[in-house]
Structures are given as C-alpha cells and as structure tokens.
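> This is the structure I want to talk about, given as structure tokens.
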Amino acid sequence: MKTKLLSLLLVLISYLALSQTTAIPDAIFEQELVNQGKDTNGMTGDILNTDAQAVTSLNVEGLGITDLTGIEAFTSLTYLVCSDNSLTTLNVSSNTALQILLCSYNSLSSLDVTLNTNLLSLSCDNNQISSLNLNQNLLLGSLGCSNNPLTGLDVTMNTELLTLACSSTGLNSLNLNQNILLQDLTCVGNNLTSLDLSNNTALQLLTCSFNNLISLNLGSNSILWNLDCSNNQITTLDLSLNPALFIFKCSSNQLTSLDLRNGTNSSVPVNNFIFAGNPNLTCINVDNATYSTNTWTSFLDPQMFFSEDCSLGFDEFESSNFKIYPIPARDYISIDSNLTKLENIKLYNLNGELISSNNYPNTNKSHKIDVSSFAKGMYILQVQTDKGILYKKIIIQ
C-alpha cells in the first residue's frame, strides 16, 4: 500500500512539474530566451510558465529559428518580432494581448490573427501566405503584407488603418472605400486596372507603380505630397487639386495630357518631378513655365515642353500672331511678329540650361537670333509675349 501511495505521489509531483512548464523544442529559440534572461531554468527544453507569462516584449529576429512552439505560454506578450527566421508555422492564437507582430521574411504559408483583436500593427511581408483574414482586427493601424501570393485582400473592416503596403501580391482589385484615415499606400507590382481613392482624403503618400492603371483620379486627395504612378497605362492626369505635391514620378505611361497647375510649382526643387517615358506627351501645364523649364528638364523626353496653358495650341497661335523660321535652322532663327508684342525670347538646351536670352521693348517687329555657334540638336524656344508664354521645339543643324 505504501509503495502504491509513493508511486502516486511521484506521478502527481511529475504532473505538477510538467504543468508548470511549456516545451521549447527549438534549441536556438530557447538559447535566445536564456540569453535574454527570460528563461531562468536554463537549457532544459522548456520554460517555466511563470517566466513566459512575465514577458511582454520579445525580439528573436534573424536567428535561424525553425520552430516557435512554446510562444503560446507568453500570454502577456504585446510585442513580438520573429522576422527573418525559417518559420513555416506560427501560432499566436493564445497571445491575445498582442499589439505588434512582425514576422516578415519567413516561409509561412498561413497566418491566423483572428483572435488577436488588440493587434495594432502587423508586418508579414515576404512569406508564402495566400489568404489573410483581418475582419476581427478592428484596431489595426499598420499592415505590411507585400511579397505574398495573396488571392485577395479585404481591409473593409480595418477602418483605423493608416499605413498599407501590399506590393507584389498579385492583387487584381483593392477596395479602400472604408479606410478614410489611410495616409500611406504602397501597392506596387500588382494587376490593378483601377484604384478608387475618392474617400481617402487623408492620403499623403501613394506609390502605385508597375500596375495596369489606365486612369487615376486624385481630385479628393488635397494633402497628397508624394506620388509615384510610374509604369502604368495612364493617359491623362490632372493634379491641379493637389497643392501639397512635392515629389512626383509618372515615367513610362501613355500620357497625352498632364496638368500640374496647383499653385505651388515654384516650391518644387530640381529632380523631384520625373516625366520621362511618355512618348505621346508634348505640352505639360504648369504654373510657371520659366521656372519649370529651368528646374525640371533633367527628366523630360525630347518632345516635351512646359506651358502655362497648353490649350492655346502653339501652331494655331503662331499662324495668327507670328512666324518662326527656318526650321531646321542653321545660322539664325527669325521671328516675325504680327498682332502680338514680343517681350522676351529665350533658348534652352534639353538639359534646361539657358543658352540665349533677348529682351524686347514690347514691339511687334521682326527679330533674328544668331544660332550659328550652337551645337547641332534640339532646343526649346521660349517666347514671352504680352499674351503669355509659349514654347516651341527648335532643331539646329
């Protein structure tokens, strides 16, 4: 009888001991816990539950961990970084206090965060996740899920979202109508043909390059200051209602019309606006054609020039007001004025450098500009009259 009682007592003691610990099968994971002073019983293959429950923040990034089993014991955890490891699974269903989860650069094929209702920030970029259910994460303010083979992305319930990065996920559509607080959107390298941002009035940064967009309406995004819509199929772009715009790239589209007259062009420095790769775009509407010509021409195609009103139509204006000849020119360019009074004529090379400037006292006489010393090539002639400033491409042979 005493032997049986002793055996039962030993079993009970063993059970109680086991119930006070949680297994940590990955030696690298446990070693890091020991190194950080979070596992006080040493390399035993487990952790005391009291130790785990005392941890609120844990960073085990870039250690080569393959198994994070045992993380379920960290029930007080609010901050977890396990990025850049070799994880294929991650179970955070017991970590209901979790607010920040960074698990990018692993090999996760799925991620269940439906029980993590306190989650504020999630970064799961560069995994193999095909679906992501965020319907229960109503507090989510930041989401990074780029470089995953997502079949879709539903963020309609995430009305607190401020930042969204979902590049290279293969998305065909993206509904952001409910995300009225969104400030930063990066959706590069998807299959988007349209993007409705009419409700996203708080948007400040938009990077939507390398999609299949044929149009982009940004009339509601008045505080947008950084826009990259390069490598799409956009034909017209009106940014006249975006006075905060400071960085703008629209390279490699099918633009035929571009309006930048937002009243603040003169605050944009050199190299901040890039237009190259739009062979069908000639005239670009700007606030100040002289400033734009002097500042932004490093990233223009040869046929492009700036005007304060592209609707004037230079050829029509020229035929009724003055003549410019010969084109191509060799020794000189003649400008015969008729009804329009000339004020200034400037000649720029395609680098935006001023190479000739001539002022006139509001006359409508004929004038000649000596170009015999200029190198062969294409130039931009700026003609300032009493009716405005116009530009014309000039070839010197």
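The values are calculated or read from the model by the stated rules, or taken from the named source; none is laboratory data. Everything numeric in this text was worked out from a predicted model, so none of it was measured. Reconstructed Cβ throughout: ideal geometry from the backbone, glycine too, with neighbour counts over all protein chains shown.
> If you scan the range 254-275, which residues turn out to be in contact with a strand residue (DSSP E or B) (Cβ under 8 Å, 6 or more places away or on another chain), farther than 20 Å from Asp309 by Cβ and not in a strand (DSSP E or B)?
Result: Asn272, single match.
> Would you confirm, using the coordinates I've provided, whether Leu143 is outside any loop (DSSP other than H, G, I, E, B) and over 29 Å from Ser257 (Cβ atoms)?
In short, yes.
> Can you tell me which condition Ser373 does not meet? The list is (1) closer than 26 Å to Gly263 by Cα; (2) at pLDDT 75 or above, and all the others hold.
Going through (1) closer than 26 Å to Gly263 by Cα; (2) at pLDDT 75 or above one by one, Ser373 breaks only (1).
> Touching a strand residue (DSSP E or B) at 6+ places or on another chain (Cβ under 6 Å), of a type in the set (A, V, I, L, M, F, W, C), outside the structural domain of Ser257 (by TED's automatic domain parsing) and modelled with pLDDT of 75 or more: does that describe Ile327?
So Ile327 does not fit the description; no.
> Do we find that Gly64 is closer than 22 Å to Ser104 by Cβ, out of contact with any Lys or Arg (no Cβ under 9 Å at 6 or more places or on another chain), surrounded by fewer than 17 Cβ atoms within 10 Å (Cβ to Cβ) and in contact (Cβ under 8 Å) with a residue 24 or more places away in the chain in this structure?
For Gly64, the condition - closer than 22 Å to Ser104 by Cβ, out of contact with any Lys or Arg (no Cβ under 9 Å at 6 or more places or on another chain), surrounded by fewer than 17 Cβ atoms within 10 Å (Cβ to Cβ) and in contact (Cβ under 8 Å) with a residue 24 or more places away in the chain - is met.
> Can you report the number of residues in the range 171-193 which are under 16 Å from the mean Cα position of the chain (by Cα) and either of a type outside the set (A, V, I, L, M, F, W, C) or not in a loop (DSSP other than H, G, I, E, B) (or both)?
The qualifying residues number 7.
> Output the qualifying pairs, or none if there are none: Cβ atoms under 9 angstrom, residues six or more apart or on different chains, first residue in the range 156-176 and touching a residue at least 12 places away in the same chain (Cβ under 8 Å), second residue aromatic (Phe, Trp, Tyr).
Every condition considered, the pairs that remain are Ser167/Phe210; Ser168/Phe210.
> Let me ask you something else. Specify the residue that is nearest to Asn49 (Cα to Cα); the eligible residues are those in the range 70-96 that are among the small types (Gly, Ala, Ser) and touching a residue at least 40 places away in the same chain (Cβ under 8 Å).
The selected residue is Ala73.
> Next up: Taking the stated definitions as given, is Asp154 in the same structural domain as Leu101 (by TED's automatic domain parsing), over 19 Å from the mean Cα position of the chain (by Cα) and assigned to a loop (DSSP other than H, G, I, E, B)?
Yes.
> Being touching a residue at least 12 places away in the same chain (Cβ under 8 Å) and either in the same structural domain as Leu213 (by TED's automatic domain parsing) or under 25 Å from Leu227 (Cβ atoms) (or both), is that true of even one residue in the range 97-117?
No - not one qualifying residue is present in the range 97-117.
> Which pairs have Cβ atoms under 6 Å, sit 6 or more apart or on different chains, and link a residue in the range 208-234 that is surrounded by 20 or more Cβ atoms within 10 Å (Cβ to Cβ) to one that is hydrophobic (A, V, I, L, M, F, W, C) and part of a strand (DSSP E or B)?
Within 6 Å, the pairs are Leu227/Leu206; Leu227/Phe248.
> Regarding the range 113-122, can at least one residue be identified that is in contact with a helix residue (DSSP H, G or I) (Cβ under 6 Å, 6 or more places away or on another chain) and on the phi < 0 side of the Ramachandran plot?
Scanning the range 113-122, I find no residue that is in contact with a helix residue (DSSP H, G or I) (Cβ under 6 Å, 6 or more places away or on another chain) and on the phi < 0 side of the Ramachandran plot, so the answer is no.
> Would you pick out the residues in the range 235-265 that are of a type in the set (A, V, I, L, M) and more than 15 Å from Ile284 (Cα to Cα)?
Leu241, Ala244, Leu245, Ile247
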